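> Below is a structure I'd like to ask you about.
The values are calculated or read from the model by the stated rules, or taken from the named source; none is laboratory data. The structure displayed is predicted, hence computed values, not measured ones. Methodologically, a virtual Cβ is constructed for each residue, glycine included, from the backbone with ideal geometry; neighbour enumeration extends over all protein chains shown. Protein only, heavy atoms only, side chains kept; ligands, DNA and RNA dropped before computing areas. Shrake-Rupley method; radii C 1.70, N 1.55, O 1.52, S 1.80 Å.
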Amino acid sequence: MSNYKTTPEETSRLPRGIKYIIGNEAAERFSYYGMRTILVVFMTRYLHLMSDDSAGGAMTGAEANEAFHNFVTWVYFFPVIGSLLSDILIGKYRTILWLSIVYCFGHLALAFIGEGGLSATQWMWVGLLLISIGAGGIKPCVSAHVGDQFGKKNSHLMTMVYQWFYFSINLGSTLSTALTPILLEWYGPHVAFGVPGVLMALATLMFWMGRHVFIHVPPSGMKFFSETFSKDGLLALAKLSIVYAFVAVFWAVFDQTGSSWVLQAENMDRRFLWVEWLESQIQVVNPILVMAFIPVFQFVIYPNVEKVFRLTAIRKIGIGLFLTAGSFALLTVAQGLIDRGQTPSIAWQLWAYVLLTAGEIMISITGLEFSYTQAPKAMKSVIMAVWLFSVSLGNFFTSTVNHQIQTPGVSELSHALEEVAQGEPVATAHWTGKVVTIMGDGGDTTKVIRLNGFDDAENTADDVLVTADGYNTIRAVQTAENAVLLQAAERIDRAFLDSNSDASKGTLLNTDEGQQRIDDLVDSQGQKLRYKQLTRNVYRITSAGSDKVHQTQWDVVLMGRISRAEKTDDSQQKEDRLTWLEKRIIELKGEEGKQEVERARGDIPETEITHNITVGGQDTLEGADYFAFWTKVVLITAVLFIPVGYFYKEKSYIQESDTTEPAGKDPQ
């Protein structure tokens, strides 16, 4: 470290190391956002198909949301570890370099998903853990490393550089968000996760190349504790923690652009500007808007608002929270249209992105600079870590909500059928039973499992019979309610088919109409069935099951799905290029897989309606109610933040050679 510069140059020009940091950040953000962009789609569609000898069931939307936000929680928890490592022991430069190597190994693990040694799910979690350690550990150090390059004479350039720093983040994420979904679609997960890994390796190399022009602020060692627990240190930490608690709610909803927004986009008309966007690809709108909005806010909006009232950092954050609530209000309306069987335009999400990105500019960019200026000299990385920890808290909140709204379903049985013999007991966290029959061998194996019902007794009327194949995928579920559920489905299907002479243009009964159609039907417990339209082509009929209570693991659920025959010109060739996923389905399932692909494409002679019966597995908060919940959460947070914006007093610290006295105060 002695060969490196430790104090900023006395110059009014930009620090020489900035270009390496910004270039590194662009490549690293390409890497991170590339894999993150496709993560939920990968979990719900690809993960269960990655191993040749074990398929199991696909993740549900709520399960994928929970897993996604757990990962983001880890990513923004590890900044705490990274900041302590850099501030106390080895400094920012070495922390960034060493953890970047860990980061690269994480991408390597994702690129090897489905290969030998580990199951596909295990490879995924190993990769996500290593990425969270790497990305999270370096995050506070990179942000603080930018500030360390400035001295007293050029500190006035810090705001502009942080704007360009944020611009580089969004340039990298724009390119990766546009490209990675295409790689996943046509070349599969190995390539889609591998390309971001290569970019991460380049980012690490670029950072290493700047080692001789960086300002390497030495770690403070034990001095860190004395300054952290000093009066100024504790006061700064306490004041900022109040702000960060509110900002955490912003991150709880902002990061849903990679989860619930993606799942919503699946049911929208994604044709926009003569292009049909992939559902995960629409996330590219956010970084594009950030790059467009930064100069607009800096040179137009902020100066004009300043003419009316003083726009402090705290006030910007408060306004940003209200804008964020507005974005989710738009999504709530759009989801309401989907719930009623319509296919709203993706423009609903585009306008929501406009509001959300405006909120991001006022909260995230402001908070990044604000956190650095409000931190005493020895606490720059720690305060940055606490700022990033607010992201972790927000995502933990979102993950917890998605965990709580799930009810256990028999689909979890897929993970308990690897090594079982006939007559052996089967047990999961929520189900107990016994293997009744095993027939065949290898992929042609059929397993029948009898699960105890609500009474937890064997061989009673409420038992559930589950049939699984050799890949442990559940193929059929038999209960006492199957007959009445199928009777109800026949009425719904008949109404759909009668609604138009061309079945491909038929209209599914909405929730109220469908409920009226089956209102006279009751299950074996004497309870009325419930009908709900979920999308234009999907409906659900539910029996409360043997416990007579809806939305529990004992619900018996029939899902009806319409595959519409797409009328095409005879001259059009039907050997359309197959996506990687379509090829994989056919490879694993043979003729059955080919039929599945044809139904999904609409390449079938007549419109078909398929039914699937399962037990449990519903979400207690779904559709428009889900987005309405988050709208209320953010709106309440914004209102409660108003007093904070009024009473908070800012106190700025700028990097100086040997003092922690404030360089000046920024009055409210």
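> Find, to one decimal place in angstroms, the Kirkwood hydrodynamic radius of region 250-389, where the mean of 1/r is taken over every pair of different Cα atoms and then inverted. Write out the running numbers ahead of the final one.
Details: mean 1/r = 0.0605 Å⁻¹.
Every distinct Cα pair counted, the radius reaches 16.5 Å.
> Sticking with this structure for a sec: Report the Cα-based extents of the chain along its three principal axes, largest first, to the nearest Å.
81, 59, 55
> Right, something else. Just by accessible area at a 1.4 angstrom probe, what is the order of Phe112, Phe370 from largest to smallest?
Values: Phe112 100, Phe370 10 Å².
Sorted descending by solvent-accessible area, the residues read Phe112, Phe370.
> Take the alpha carbon atoms of region 130-154, find their center, do the same for region 155-175, and report the distance between the two centers in whole angstrom.
If you average the Cα positions of each part, the centres end up 13 Å apart.
> In whole angstrom, and with the biggest value first, how far do the Cα coordinates of region 105-229 range along each principal axis?
For region 105-229, the Cα extents along the three principal axes come out at 53, 34, 27 Å.
> Using 0.36 nm per residue of separation minus the Cα-Cα distance, give me the extension gain between Ala347 and Leu273 in nm, one decimal.
On the way: separation 74, 0.36 × 74 = 26.64 nm, distance 1.05 nm.
Extra length from Ala347 to Leu273 when fully extended: 25.6 nm.
> Write down the accessible area per residue of region 94-142 in Å², having rolled a 1.4 Å probe over the full set of protein chains. Please list the in-between numbers first.
Details: 1740 Å² over 49 residues.
For region 94-142, the solvent-accessible area averages 35 Å² per residue.
> Starting with the highest mean, order 488-494, 138-144 by the number of other Cβ atoms within 10 Å, averaged over the residues of each peptide.
138-144, 488-494
> Percent of accessible area on the chain owned by carbon and sulfur, 1.4 Å probe? Walk me through the numbers on the way to the answer.
Values: 16780 of 28520 Å².
Answer for the chain is 59 percent, counting heavy atoms of protein chains only.
> Could the peptides 308-314, 65-71 be put in order, highest first, of the mean number of other beta-carbon atoms found within 10 Å of their residues? Please report the intermediate quantities before stating the final value.
Numbers: 308-314: 14.6, 65-71: 24.6.
The most tightly packed comes first, giving 65-71, 308-314.
> How large is Rg over Rh for region 1-142, taking Rg from the Cα atoms and Rh as the Kirkwood inverse mean of 1/r across Cα pairs? Don't jump to the answer; show the numbers that get you there.
Values: Rg = 18.3 Å, Rh = 16.8 Å.
Here the Rg-to-Rh quotient is 1.09.
> Go through Leu486, Leu130, Leu240 and list them by solvent-accessible area, largest first, probe radius 1.4 Å. If you can, show how the numbers build up before the last one.
Values: Leu486 80, Leu130 50, Leu240 0 Å².
I get Leu486, Leu130, Leu240, largest accessible area first.
> Any idea how far apart Lys548 and Ala457 come out in nm if each label point goes 7 Å out from Cα toward Cβ?
1.7 nm
> Okay, moving on. Using Cα atoms only, what is the angle between the long axis of helix 347-360 and the major principal axis of the chain, expressed in degrees (0 to 90) to the nearest 10?
Once rounded, the angle reads 30 degrees.
> So, one more: Name the long-range amide H neighbours of Ala476: under 5 Å, sequence gap of 5 or more, or other chain; modelled H, no Pro or chain starts.
Thr467
> Now, a different point. Determine the per residue accessible area of region 414-461 with all protein chains present and a 1.4 angstrom probe, expressed in square angstrom. The partial results should precede the final answer.
On the way: 2880 Å² over 48 residues.
Solvent-accessible surface per residue comes out at 60 Å².
> Give me the extension gain from Gln516 to Glu418: residue separation times 0.36 nm, minus the current Cα-Cα distance, reported in nm with one decimal. Don't jump to the answer; show the numbers that get you there.
Numbers: separation 98, 0.36 × 98 = 35.28 nm, distance 4.36 nm.
Between Gln516 and Glu418, full extension yields an extra 30.9 nm.
> Quick one: check the C-alpha center-to-center distance for region 362-419 versus region 291-314, whole angstrom.
Their Cα centres are 29 Å away from one another.
> Using Cα atoms only, what is the angle between the long axis of helix 61-75 and the major principal axis of the chain, expressed in degrees (0 to 90) to the nearest 10?
For helix 61-75, the angle is close to 20 degrees.
> Still on this structure: Does anyone have the angle between helix 482-498 and the longest principal axis of the chain? Alpha-carbon axes, 0 to 90°, nearest 10?
80 degrees
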